[in-house]
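Novice: Supplied in structure tokens, the structure appears directly below.
Where a number appears in this text, it was derived from the coordinates with a stated rule and is not lab data. Bear in mind that the values here come from a model prediction, so they are computed numbers and not experimental data. Positions of Cβ are backbone-derived with ideal geometry, glycine not excepted, and every protein chain shown enters the neighbour counts.
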């Protein structure tokens, strides 16, 4: 998998250099474009895979810039904490799943810590 900085360049360059694609699949991609970029991809078959605990898919923050915010394009194909693919889930569902995954991780690792 490409580092986040290279994924951004890869996504942007792919659209800029070759025009509008027929389809675009991303795995663990950060927010890479503004509203204009998202509008360019209108009508493209997009699959955006997002893993439960992958921080890269949450950067840069949407509200980093109030004048030209970074956006995701396409609905997420969300991989939950149990490894199941969840299509078009709400932000609330994903946040709840991430919180439970974090709690599970803390409980699991806390039991293995020696004092």
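Novice: Among 100, 72, which comes first, second and so on when ranked by fewest other beta-carbon atoms within 10 Å? Provide the component values of the computation, followed by the final result.
Specialist: Values: 100 14, 72 19.
By the 10 Å Cβ count, ascending: 100, 72.
Novice: Based only on other Cβ atoms within 10 Å, what is the fewest-to-most ordering of 79, 55? Numbers along the way, then the final one.
Specialist: On the way: 79 19, 55 11.
Starting with the residue having the fewest Cβ neighbours, the order is 55, 79.
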